[in-house]
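A short worksheet on the structure shown next.
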């Protein structure tokens, strides 16, 4: 009987340790907001919060410019503290297939399908400098609880 009680007590302690170890980690604050350029919503892209210490948070920019950050679980936010912020938003034009320019080019390409793929043009919706942590001037401070952090990028 005492052996069974000890086993149950040990199992309860182990369960308690597992439950508390799963909840440890960085302190996070919920973060959401909008990304605009010259007051108009950015309709797609990615926003990232890079903390001084800890994991980076990321969020997809929605068609209305809204975003919600995720660090570990969807929508859980970002590490509490100061962050550098990067935004990557581009539009890519459609590519095209063009005929070879010469007979020699046609012979060379015949082994690959006979046409040349010309990639679409990439245009930056948010200027490229904001897409790299070392050149983005955007910063944010995340507090415990809910944070509404909007970013309006000046028109280039």
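The values are calculated or read from the model by the stated rules, or taken from the named source; none is laboratory data. Treat the numbers as computed from the prediction; the structure is a model and nothing was measured. We place every Cβ from the backbone using ideal geometry, glycine too, and count neighbours over all the protein chains shown.
Determine whether segment 92-113 contains at least one residue that is modelled with pLDDT under 95 and under 24 Å from residue 36 (Cα atoms). Yes, some residue in segment 92-113 is modelled with pLDDT under 95 and under 24 Å from residue 36 (Cα atoms). Restricting attention to segment 114-153, the residues being at pLDDT below 95 and assigned to a helix (DSSP H, G or I) number 0. Residue-level check: of (1) under 19 Å from the mean Cα position of the chain (by Cα); (2) surrounded by 12 or more Cβ atoms within 10 Å (Cβ to Cβ); (3) modelled with pLDDT under 95, residue 53 misses just (2).
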